[in-house]
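In what follows, a single structure is set out as structure tokens and then discussed.
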Amino acid sequence: MSSHRKPSSGLVGAGLLIVDKDAGMTSHDVVARCRKILNTRKVGHAGTLDPMATGVLVLGVERATKMLGLLALTTKAYTATIRLGQAMTTDDAEGELVSEADASAVTDADIAAVMATLTGDISQVPASVSAIKVDGQRAHKLIRAGEEFELKARPVTVDRFELTETRREGRFVDLDVEVECSSGTYVRALARDLGAALGVGGHLTVLRRTRVGPFTLEHARTLEALAEDPAVSLDIDQAAQTAFAHRQIDADQAESISQGRWLEPVGIPGTYAAIDPSGHTIALLQERGRRASSVMVVRPATLRQ
């Protein structure tokens, strides 16, 4: 957890806020609360987290909102509980019951075998409560309005789908699992597909996101903790140096890039941070041809003191 040191002059309050979201709140609810607590309108999120889910939600504050679209948040990790024996309209406990079956005869070997088929590069039909648009409308709004539609399968990667505990309770089997996956993978769809392949139905009862890209629960703060100590989790320098590769630059280069000019490339792929001798992030750069040009000037010359 960060010690929440103050951001550098000219960028007071700017940085990334990693929230440990409570269940029952939308991502927009969290943004609204943080705007109020931090007394600023300049708060945005880097991707949503479903209301039923808890855990890591990445927010940008003040100038760091411009950084959100550049973050490489392509891998995510979750802990979850899957109930075998019931299929739901939303593939989670908040939906309506579609079917019920006795799952008590499903063996541990059966579960392991199907989980293995749902690991690696797979084709997955997104959950019906996803934010994917269908004819201009979000799928989750359509399903809750009782509309019928079909979503197309798409490729995703499940790097790890591991069973950590099994609880057998009458007709149901509850599975605690850990998942590491690519962005765009739906854990509730894994629950649905696991239950369907076992012939008993399945849905998600608990979902907790433990990591998004490089940001984990170690960085995260609850809204209650934020209210007691209104500060970002990572100031804009810490955020840039956590999220991106970085390159050291001298004072002359820092002055040049702060005024929008470009630097000589050094062969670093993707987006990276240019760090001046005092440890400040001056800009985020990308190399194209003979130029390392800024995609975001973190400290323009007009802001620096």
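Let's see how each residue does on (1) assigned by TED's automatic domain parsing to the domain that holds Val156; (2) β-branched (Val, Ile, Thr); (3) at pLDDT 95 or above:
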site: Thr26; (1), (2), (3): no, yes, no
site: Val31; (1), (2), (3): no, yes, yes
site: Arg63; (1), (2), (3): no, no, no
site: Met67; (1), (2), (3): no, no, no
site: Ala93; (1), (2), (3): yes, no, no
site: Ser104; (1), (2), (3): yes, no, yes
site: Ile111; (1), (2), (3): yes, yes, yes
site: Thr119; (1), (2), (3): yes, yes, yes
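If we keep just the residues of the range 213-245 that are more than 12 Å from Asp20 (Cα to Cα) and part of a strand (DSSP E or B), which is nearest to the chain's Cα centre (by Cα)? Write out each step before concluding.
First, the residues of the range 213-245 that are more than 12 Å from Asp20 (Cα to Cα): 213-214, 227-232, 234-245.
After this cut, where a residue has to be part of a strand (DSSP E or B) as well, the list is 234-235, 245.
Values: Leu234: 16, Asp235: 19, Ala245: 19 Å.
Among residues in the range 213-245 that are more than 12 Å from Asp20 (Cα to Cα) and part of a strand (DSSP E or B), the one nearest to the chain's Cα centre (by Cα) is Leu234.
Would you point out which residue out of Ala87, Ala77, Ala23, Ala72 is under 30 Å from Val177 (Cα atoms) and more than 20 Å from the chain's Cα centre (by Cα)?
Values: Ala77 fails: more than 20 Å from the chain's Cα centre (by Cα); Ala23 fails: more than 20 Å from the chain's Cα centre (by Cα); Ala72 fails: more than 20 Å from the chain's Cα centre (by Cα).
Result of the check over Ala87, Ala77, Ala23, Ala72: Ala87.
Which condition number in (1) closer than 30 Å to Thr119 by Cβ; (2) crowded, with 17+ Cβ neighbours inside 10 Å; (3) of a type in the set (A, V, I, L, M, F, W, C) is the one that Ala283 fails?
Unmet for Ala283, out of (1) closer than 30 Å to Thr119 by Cβ; (2) crowded, with 17+ Cβ neighbours inside 10 Å; (3) of a type in the set (A, V, I, L, M, F, W, C): (1).
Residues Leu57, Leu68: which one is assigned to a helix (DSSP H, G or I) and either over 28 Å from Gln286 (Cβ atoms) or of a type outside the set (D, E, K, R) (or both)? Quick ask: steps written out before the conclusion?
On the way: Leu57 fails: assigned to a helix (DSSP H, G or I).
Among Leu57, Leu68, only Leu68 is assigned to a helix (DSSP H, G or I) and either over 28 Å from Gln286 (Cβ atoms) or of a type outside the set (D, E, K, R) (or both).
Determine if the range 251-266 includes at least one residue that is surrounded by 13 or more Cβ atoms within 10 Å (Cβ to Cβ), assigned to a strand (DSSP E or B) and not assigned by TED's automatic domain parsing to the domain that holds Leu59.
yes
Does Ser293 meet the test of being surrounded by fewer than 19 Cβ atoms within 10 Å (Cβ to Cβ), in a loop (DSSP other than H, G, I, E, B) and of a type in the set (Ser, Thr, Tyr)? Before the answer, list the steps.
Working: surrounded by fewer than 19 Cβ atoms within 10 Å (Cβ to Cβ): yes; in a loop (DSSP other than H, G, I, E, B): no; of a type in the set (Ser, Thr, Tyr): yes.
No, not satisfied.
Filter the range 148-191 down to the residues that are of a type in the set (Phe, Trp, Tyr) and either loosely packed, with under 14 Cβ neighbours inside 10 Å or assigned to a strand (DSSP E or B) (or both) and list them by number.
Initially, the range 148-191 is screened for residues of a type in the set (Phe, Trp, Tyr), giving 149, 161, 172, 186.
If the condition is that a residue be of a type in the set (Phe, Trp, Tyr) and either loosely packed, with under 14 Cβ neighbours inside 10 Å or assigned to a strand (DSSP E or B) (or both), then Phe149, Phe161, Phe172 are the ones that fit.
Go through the range 71-121 and tell me which strands (runs of 3 or more DSSP E), entirely inside it, have 1 or more residues that are crowded, with 17+ Cβ neighbours inside 10 Å.
Numbers: elements: 75-84, 86-88, 97-100.
Passing ranges, in order: 75-84, 86-88.
If Pro277 satisfies every condition in (1) in a loop (DSSP other than H, G, I, E, B); (2) within 30 Å of Ala32 (Cβ to Cβ) but one, which is the exception?
Of the numbered conditions (1) in a loop (DSSP other than H, G, I, E, B); (2) within 30 Å of Ala32 (Cβ to Cβ), the odd one out for Pro277 is (2).
The values are calculated or read from the model by the stated rules, or taken from the named source; none is laboratory data. On a predicted model such as this, the values are computed, not experimentally measured, just so you know. Quick reminder, even Gly has a Cβ in these numbers, built from the backbone with ideal geometry, and neighbours come from all protein chains shown.
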